[in-house]
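**Student:** What follows is a structure written as structure tokens; I'll ask about it next.
The values are calculated or read from the model by the stated rules, or taken from the named source; none is laboratory data. Bear in mind the structure is a predicted one, so any value in this text is a computation, not a measurement. Glycine also receives a Cβ, built like all others from the backbone with ideal geometry; neighbour counts cover every protein chain displayed.
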Amino acid sequence: WPKGLVLLEEFITEEEEKELLAVINKEDDFNDESSLKHRKVKHYGYKFIYGSNNINKNQPLEMKIPDVCIPHLKKLVSLQLLPRIPDQLTVNHYQPGQGIPPHVDTHSPFEDGIVSLSLSSQVVMNFYSPHGEIVSV
């Protein structure tokens with residue numbers, strides 16, 4: 001099991017999932033500028049700049065993290081999985097069968113902790129160790 005990985009199954013209810021999806025899909029603001037090769041992206045709080053793997057703290061976005069997300073983020077803080085409620089959130093939209101190649105998430109512009117929540121379907125994530133081991137979660 002990868003060091004530091006925590007898996008919380010059924011973290012949200014089906015009703016909460018519907019609420020999150022309704023807010024995320026309310027406006028189709030997954031625009032071409034935010035589209036990447038393998039997915040569409042929507043940013044809240046701060047835009048992640050993929051070319052430099054950073055954010056510009058001096059240019060917050062108008063779209064703040066939706067209120068419907070806050071109780072779930074507070075839950076992660078209460079479980080001590082995050083040090084505080086984040087000020088940046090990225091939504092990745094994948095079509096069935098799509099995925100992204102192996103990579104290392106950039107954490108330098110952020111504080112400790114990366115959270116991933118899969119909505120609408122299950123997902124398998126493969127974690128690769130420096131020794132060549134693969135763990136599918």
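**Student:** Among the residues that make up the range 3-18, is at least one of them more than 15 Å from L117 (Cα to Cα) and either surrounded by 11 or more Cβ atoms within 10 Å (Cβ to Cβ) or at pLDDT below 90 (or both)?
**Tutor:** yes
**Student:** Still on this model: Filter the range 50-67 for residues that are surrounded by fewer than 14 Cβ atoms within 10 Å (Cβ to Cβ) and outside any loop (DSSP other than H, G, I, E, B) and give the result.
**Tutor:** D67
**Student:** If you don't mind, another one. Between residues in the range 121-137 that are on the phi < 0 side of the Ramachandran plot and of a type in the set (G, A, S) and residues that are at pLDDT below 90 and not in a strand (DSSP E or B), which pairs lie under 7 Å by C-beta distance while being six or more apart or on different chains?
**Tutor:** S136/V124
**Student:** Residues that are outside any loop (DSSP other than H, G, I, E, B) and more than 15 Å from R39 (Cα to Cα): does the range 110-126 have at least one?
**Tutor:** The answer is yes, given that some residue of the range 110-126 is outside any loop (DSSP other than H, G, I, E, B) and more than 15 Å from R39 (Cα to Cα).
**Student:** Let me ask something else about it. Considering only residues that are under 12 Å from the mean Cα position of the chain (by Cα), under 18 Å from K3 (Cα atoms) and not polar (S, T, N, Q), which ones fall in the range 108-137?
**Tutor:** G113, I114, V115
**Student:** Okay, next question. Which pairs have Cβ atoms under 8 Å, sit 6 or more apart or on different chains, and link a residue in the range 9-27 that is without any contact (Cβ under 8 Å) to a residue 12 or more places away in the chain to one that is surrounded by 15 or more Cβ atoms within 10 Å (Cβ to Cβ)?
**Tutor:** none
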